[in-house]
Amino acid sequence: MDQKLILTNLLIRLGVVAAIASAVVRSRYFKSILFRNEVRSAREQLHIVLFVGVPVALGVLVRAVVPNFFAADVAFESAIIVGVMGGRLAGVSLAVLCAVPEFWRHEFLGFPLNAMAGYVAGAFREYAANREDIWSFSPMVDLSIYRWVRRNFPRPRHDWQVAFFVGIVLLQFLREEIGRAFPKRVFFLHSDSFWVEVAIYAGTIAAVAIPIKVWNATRIELKLEEQERLLLQTRLDALQSQINPHFLFNTLNSISSLVRVRPEQARELIVKLAMILRSLLKKHDAFVMLREEIEFIDNYLDIEVARFGTDKLRVTKDLDPQTLDVIVPSMMLQPIVENAIKHGLSPKIEGGSIVLRSRLEPENRLRIDIEDDGVGMIASNGRWGERRRYTRDPEVSEPHTEGIGMDNVAERLRVLYGANAHMMVKSSPGVGTRISIELPLLQTDKEFSAASAIYEARSSTRS
């Protein structure tokens with residue numbers, strides 16, 4: 001066989017195994033059975049075989065019908081890959097799948113050789129003390145030997161990487177010896193040139209290592225995504241645990257002002273507070289429907305209206321019915337409403353009103369406005385979310401810094417949506433304040449948990 005043809009096919013073969021590995025790892029189900037479980041059932045092993053084996057078997061068929069196109073046949077290497085990834089049953093099953101086109105070519109020894117390669121690779125999987133060693137396999141065995149010597153000298157221990165490397169070399173050697181002893185009964189590449197023969201062995205090892213590297217890159221990416229989910233969930237849990245005591249403290253202060261002067265009303269408000277706390281303890285979802293958030297605000301406003309009186313605190317709601325089933329972050333509006341009452345309306349002797357509005361905006365966005373006609377405030381620096389300071393009166397030199405509730409809302413929006421959510425404040429002294437929030441619409445066709453919804457919001461809206 002022409003030496004240049006062998007080398008060309010070796011290079012093309014590496015592209016073939018990389019293409020197959022990249023194609024199958026796009027499947028969400030394949031990733032779930034390959035990365036999520038280290039101990040796989042027989043059914044899962046067979047599913048791995050079908051994902052990898054079908055394109056490999058087609059490659060064997062292409063090699064059988066297209067003259068001098070040997071690069072398409074990667075059955076031997078794939079049996080090793082599937083065996084070490086899925087187990088002995090998977091390795092042998094892939095050999096069975098590839099046996100049909102081999103038998104058609106009268107290559108009757110191809111099946112037992114590939115089956116043995118898959119079985120041995122599966123045994124290497126069981127032999128690995130740490131399954132992470134499988135994912136870190138590299139054809140750069142010289143570095144593995146060097147690290148092994150440094151780590152184990154003067155008390156040497158076995159190294160899975162080196163052992164698997166030697167195993168692949170021995171399997172390739174056995175393949176060539178059987179091929180020479182029984183011509184045309186098994187497919188293999190060989191050459192009388194020493195350096196070409198070295199390239200054949202190196203190509204076999206690389207053809208095994210490349211899919212492992214491709215899949216490991218995807219595996220690392222999934223792990224990073226999972227770590228990001230956990231980090232975002234941790235940050236959100238911290239923010240939620242921060243705002244709940246803050247809300248409870250302020251609400252109890254509101255009720256305590258009525259205990260002596262209006263004890264019956266205070267008792268009713270305690271019942272209202274119990275209902276609020278029950279809803280908070282009932283679930284800790286990161287997202288709720290807007291109608292649930294509005295119901296929560298209604299209970300909170302009942303307490304504040306009873307405290308201030310209906311003549312001093314008026315509430316108006318202008319809500320688009322289409323927005324009520326939109327998913328929004330839980331406990332998003334209450335700190336803003338509380339801030340409007342505490343800092344906007346309380347300083348006014350005659351009281352004031354709060355208006356809640358919601359509507360759908362173009363490009364699948366939701367806009368929520370919370371407006372009050374209180375004393376207003378002046379922004380003295382920056383955009384919201386940096387660290388703004390406000391003063392109630394331009395004549396007053398002592399600035400008012402936004403409270404924990406407003407900071408909390410801004411930070412939660414950053415955690416959940418990144419740069420895709422906007423919180424805007426417009427205020428004038430003596431006129432009032434309007435806080436507008438724009439959010440991207442999230443899907444509502446599935447249950448949102450705190451673990452998945454956070455990352456879903458970030459990844460689905462990331463520009």
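A short reminder: the numbers here are calculations on the coordinates, not readings from a lab. Everything numeric here is computed off the predicted structure, so don't read it as measured data. Here the Cβ positions follow ideal geometry from the backbone for every residue, glycine too, while neighbour counts run over all protein chains shown.
Tell me, what is the percent relative contact order of segment 34-125, built from C-alpha pairs under 8 Å that lie six or more residues apart? Walk me through the numbers before you get to the answer.
Values: 156 pairs, mean separation 28.6, N = 92.
The value is 31 percent.
Given R₀ = 30 Å, FRET efficiency for T316-E226 by Cβ-Cβ distance, to 0.05? Once the sixth-power term is evaluated, E becomes 0.10. Computing FRET efficiency as 1/(1 + (r/R0)^6) for R291 and E363, where r is the C-beta to C-beta distance and R0 is 22 Å, gives about 0.45. Using the Cβ-Cβ distance between L58 and W195 with R0 set to 35 Å, the FRET efficiency works out to roughly 0.65. Between V39 and S136, the modelled label-to-label distance comes to 2.4 nm, taking each label 7 Å out from Cα in the direction of the beta carbon. Pairs spanning more than 27 Å between alpha-carbon atoms, out of K4/K31; K184/K213; K317/K342: K4/K31; K184/K213.
A straight chain from V66 to T8 at 0.36 nm per residue would run longer than the Cα-Cα distance by 19.3 nm. The length gained by stretching the chain between E126 and K184 to full extension, at 0.36 nm per residue less their Cα-Cα distance, is 17.5 nm. Applying 0.36 nm per residue to the separation of E350 and H106 and subtracting their alpha-carbon distance, the gain on full extension is 78.0 nm.
For segment 1-84, what is the relative contact order in percent, using Cα pairs closer than 8 Å and at least 6 residues apart in sequence?
On the way: 55 pairs, mean separation 26.6, N = 84.
Computed over segment 1-84, the figure is 32 percent.
If you take the Cα centroid of segment 316-350 and the Cα centroid of segment 28-52, the two points sit 49 Å apart.
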